[in-house]
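What follows is a short report on a single structure.
The values are calculated or read from the model by the stated rules, or taken from the named source; none is laboratory data. Predicted, not measured: the structure shown is a model, and the values here were computed from it. Here Cβ is always computed from backbone atoms with ideal geometry, including for glycine, and neighbour counts include all displayed protein chains. Protein only, heavy atoms only, side chains kept; ligands, DNA and RNA dropped before computing areas. Shrake-Rupley method; radii C 1.70, N 1.55, O 1.52, S 1.80 Å.
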Amino acid sequence: MAETEVEYKKQKSVLWDWLTTVDHKKIAILYLIAGTFFFIKAGFMAFLMRVQLIYPENTLLTGQTYNELLTMHGTVMLFLAVTPLLFAFMNFVVPLQIGARDVAFPFVNALAFWIFFFGGLLLSVSWFFGSGPDAGWFAYTPLSTREYGNLGMDFYALGLQVSGIGTLISAINFIVTIVNMRAPGMTMMRLPLFCWTTLVVSMLIVFAFTPLAAGLAMLMLDRLFGGQFFQVEEGGSVVLWQHIFWIFGHPEVYILVLPAFGILSEVIPAFSRKRLFGYTAMVFATLLIGFLRFMVWAHHMFTVGLGPITNSVFAIASFAIAVPTGVKVFNWLFTMWGGKITFNTAMLCASSFVPTFVLGGVTGVMVAMAPVDHLYHDTYFVVAHFHYIFIGGIILGIFAGLFYWYPLMFGHKLNETLGKLMFWLMYVGFHMTFFVQHILGLIGMPRRYFTYRAGEGFDTYNFISTMGTFLMTAAILVLVINVIYSAFKGERVEVGDPWDARTLEWSIPSPVPEYNFAQVPQVRSIDPWFYEKVHGEGYMKPAEPVVDIHMPNPSILPFLIAFGLFWWGFGMILLNFDSPIIPPFVVIGAGVLLTFGSMIARSIIEDHGWHISKDKVKEIEKNSRSL
C-alpha cells in the first residue's frame with residue numbers, strides 16, 4: 001500500500017533528504033554542485049600550468065608534475081566538470097519543458113548521479129597514492145600501459161569506467177523521458193531546441209561511451225592482468241587505442257557543445273523578444289551534426305600514417321560538418337536581427353558565444369586539412385582551437401544557462417552588476433589567454449612541454465597568455481561572490497516568469513512544486529507558454545482534472561550501489577600496489593557485496609511510492625498564486 005503524505009514527511013531530515021532524493025530538481029542541484037567542485041579543481045590545475053609557462057625555464061613545476069596536471073586537467077574538465085554542469089540543466093529543465101512531473105526513471109536518475117560522482121572521486125584520490133595519471137587525457141598507448149604509465153593510470157582506467165556507467169544510464173533515461181513523457185500536444189516538432197539537443201546528445205552518449213568503456217576495459221586488462229591488446233611485442237596495436245578513443249573523443253566534443261547550442265536557442269529568443277528563426281532547420285541541423293560526428297574521428301590521426309585516401313575521406317567529412325553548424329549560427333543571428341534585445345548577463349554570454357565559436361570553428365576547418373594538420377598537430381595552435389570551442393563556446397553557454405535558469409532553480413536572480421563584471425573579465429581574459437596561442441603554434445611552440453628556452457620567440461606570448469589566465473581566475477571568483485551575495489541579497493522571484501519567456505518551464509510557480517505541474521498542460525503551439533500569453537488566457541490549459549499525484553519514494557540504495565562500485569574499483573587498483581595494507585580481494589569482495597546486495601534489495605522490496613492528495617495540490621497552487 002502506498003505511503004501517505006504525512007508518513008512520508010515525518011521521515012525527512014536535510015542530509016537524509018539529499019542522500020536519498022530521487023527528485024530530478026534536487027539531483028540537478030547535486031550535479032551543479034559536483035560539477036562546480038570539479039570545475040574549480042580543473043581550473044586550478046590549468047592555472048598552475050600557465051604560471052609554470054609564464055617565464056622560460058621556470059622551475060615551479062617538474063616535468064612529471066606538469067604531465068600529471070595536464071592529464072588531470074583535461075580529464076576532469078571534460079568528464080567530471082562540464083558534463084555534470086550540462087546534466088544539471090538537462091535534469092532540471094527538460095522534464096519541465098516537456099510538461100512532465102519527473103524523468104522516466106527517478107531511481108535510475110539518482111543512481112546515475114551517484115555512480116558518476118563516486119567514479120570522479122575514484123579518479124581524484126590517485127593524488128593521495130603517489131601521483132595522478134600522467135599520459136595525457138587521451139591516454140595514448142604505450143604511454144598509458146603498465147610499462148610506462150604510473151599507478152595513476154589505474155585510477156584513470158577504473159575511475160572513468162565507473163563514472164561512464166553513470167553518464168550512460170543517465171543518457172538512456174533522458175531518451176526515454178523525451179520520447180515517452182511529453183505532455184499532450186507536445187509533438188516532436190514542438191519540442192524546445194534544448195530538449196532536441198539533449199535527445200541527440202543522449203543518443204551520442206549511448207553510441208560513444210560504449211566504445212570508450214570497451215577501450216578502458218582493455219587498458220585495465222593490460223595493466224592489471226597482463227593482457228596484450230596494446231602490447232606491440234605481443235601482437236597488440238597502439239593505434240587500436242587511438243581509434244577506440246577518438247570514436248568516443250570527437251563525438252564527446254559535440255556531446256558537450258550541443259547542449260550549449262540548445263541553451264543559446266532558448267536564451268537568444270527570450271531576450272530578443274522573437275521566436276527562434278528557422279526552427280525546423282535548427283532541428284535537422286542538430287540531427288545532422290549528431291550523425292556526422294561519427295564520421296570524422298580519424299581527423300585526430302592524420303599524422304599516424306593511415307594513407308592519403310583515408311585522410312581525404314575524413315577531411316571531407318570534417319569540412320561537411322561545418323555546414324549544419326553554420327546553419328545554426330546564421331539562425332541565431334537572424335533571431336537577434338530586428339529584435340528588441342536585452343543585454344543582461346545571460347544574453348551577453350549567449351551573443352558573445354557566436355563569434356567566439358565561429359573563430360574556433362574556422363581553425364577547426366584549418367586543422368581538418370590533412371597536409372596542414374601535419375604542421376599544426378603537436379603545436380599550441382591545436383590547443384588554441386580546442387579551447388576556443390571548449391571555453392569560448394561551451395563555458396559561455398553554461399554561464400548563459402546559469403543566469404537564465406538560476407531564478408527557476410533557486411528562487412532568486414544573480415546580481416547583474418557582478419554578472420557583467422564576471423563576463424567581461426572572462427571574455428577579455430579568455431581571448432588574452434588563447435588567441436596568442438594560435439601565434440605560438442604557428443611559430444613552432446610544441447604543446448605538452450613544461451618549459452622552453454629563452455630567446456626562441458615564445459616569451460612575450462606566453463606572458464600575455466598567463467596574464468589572461470589571471471583575469472579568468474578573477475572572473476570565477478566574482479561568480480562565486482555573486483552566488484553567495486545573491487543568496488542573501490539577490491532579487492527574489494515573486495512570479496514564475498521573471499524574463500517574460502516563451503517555454504513551458506516558466507509557466508509554473510517559483511519555487512517549482514515537488515510535483516512540477518498540478519495538472520499536465522495541453523500544448524497548442526511551439527513556444528507554448530508565449531502562445532498562451534498572447535493568444536490564450538494567460539495560463540496553460542490543463543489536459544486533466546486535479547487528481548492525487550503519485551510520487552516516487554526516496555531511496556538510499558543508489559548511494560549504496562555507487563559506493564560499492566567505488567570500493568570495487570579501488571580494490572582492483574590495489575592489485576597493482578607493491579604492498580597493500582588491506583588485501584585487494586577483501587576490498588573487491590566488500591564492494592561486490594555492497595553493490596549486488598543493494599541491487600537485490602531493490603529487486604525484492606516492494607516500493608509503491610506515495611501520493612500528494614488533490615486537496616493538498618489545490619492548497620499549494622492557491623498559496624503560490626497568492627504570493
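Taking mean projected area of the Cα convex hull in nm² as calculated from this structure, the corresponding entry among [x] 35.5; [y] 52.2; [z] 28.7 is [z].
Projecting the Cα atoms of 168, 65, 351 onto the charge dipole of the chain, computed from C-beta unit charges around the Cα centre, puts 351 farthest toward the positive end. Think of the stretch 374-502 as having a plus end and a minus end, set by charges on the Cβ of Lys, Arg, Asp and Glu; of 415, 432, 465, 465 sits farthest toward the positive end of this dipole. Extension gain for residue 55-residue 553 works out to 173.6 nm (0.36 nm per residue, less the C-alpha to C-alpha distance).
Calculate, for residue 306 and residue 48, the FRET efficiency according to 1/(1 + (r/R0)^6) with r their C-beta to C-beta distance and R0 51 Å; round to the nearest 0.05. FRET efficiency, residue 306 to residue 48: 0.90.
Here the dipole of the stretch 468-590 is about 220 debye; that uses its Cα centre as origin and unit charges on the Cβ of Lys and Arg (positive) and Asp and Glu (negative).
Our estimate of slack between residue 546 and residue 187, defined as 0.36 nm per intervening residue step minus the Cα-Cα distance, is 126.9 nm. Between residue 237 and residue 294, take the C-beta separation as r, use R0 = 22 Å, and let me know the FRET efficiency to the nearest 0.05. Once rounded, the FRET efficiency stands at 0.55. Scanning residues 5 or more positions from residue 379 or on other chains, those with amide H under 5 Å from its amide H are 447, with H placed 1.01 Å from N in the peptide plane. For residue 452, nonlocal amide neighbours, meaning residues 5 or more places apart or on other chains whose placed amide H falls under 5 Å from its own, are 57, 58.
Extension gain for the segment residue 362 to residue 579, taken as residue separation times 0.36 nm less the Cα-Cα distance, is 72.9 nm to one decimal.
At a 10 angstrom cut-off on C-beta neighbours, averaged per residue, how do the peptides 336-346, 249-259 rank from highest to lowest?
Numbers: 336-346: 16.2, 249-259: 23.2.
Per-residue mean Cβ counts within 10 Å order the peptides as 249-259, 336-346.
The spacing between the stretch 534-612 and the stretch 399-463, judged by their C-alpha centroids, is 37 Å. Using the alpha-carbon atoms, what tilt in degrees (0 to 90, nearest 10) does helix 345-367 show relative to the longest principal axis of the chain? It is inclined by approximately 30 degrees. In terms of the mean number of neighbouring beta-carbon atoms within 10 Å, the peptides 115-126, 303-314 order highest first as 115-126, 303-314. Placing unit charges on the Cβ atoms of the charged side chains and taking the dipole of the stretch 274-427 about its Cα centre, the candidate lying farthest along the positive direction among 294, 336, 389 is 336. To the nearest ten degrees, helix 584-604 and the longest principal axis of the Cα atoms of the chain are 20 degrees apart. The C-alpha atoms of the chain define a longest principal axis, and helix 557-574 lies at about 10 degrees to it. Work through the residues other than residue 147 whose Cβ is under 15 Å from its Cβ and net out their charges, Lys, Arg +1 and Asp, Glu -1. Taking every other residue near residue 147 into account, the sum is -3.
Note on the chain: with charges restricted to the Cβ of Lys and Arg (+1) and Asp and Glu (-1), its dipole about the Cα centre is near 1380 debye.
Ignoring everything but the protein chains, give the 1.4 Å probe accessible area of residue 195 in square angstrom, nearest 10. Its accessible surface works out to 0 Å², give or take rounding.
Using just its DSSP H runs of length 4 or more, each adding -39500 (n - 2.57), the chain gives a mean residue ellipticity at 222 nm of -21500 deg cm²/dmol after division by all residues. In order along the stretch 25-38, the phi-based Karplus estimate (6.51 cos²θ - 1.76 cosθ + 1.60, θ = phi - 60°) of 3J(HN,Hα) comes to 6, 6, 5, 4, 5, 4, 4, 5, 5, 4, x, 5, 4, 5 Hz; Gly and Pro are listed as x. Karplus-derived 3J(HN,Hα) values for the stretch 123-136, using 6.51 cos²θ - 1.76 cosθ + 1.60 with θ = phi - 60°, are 5, 6, 6, 4, 4, 7, 10, x, 5, x, x, 9, 9, x Hz; glycine and proline are entered as x. For the stretch 400-553, the dipole from Cβ point charges (+1 on Lys and Arg, -1 on Asp and Glu) about the Cα centre works out to 640 debye, to the nearest 20.
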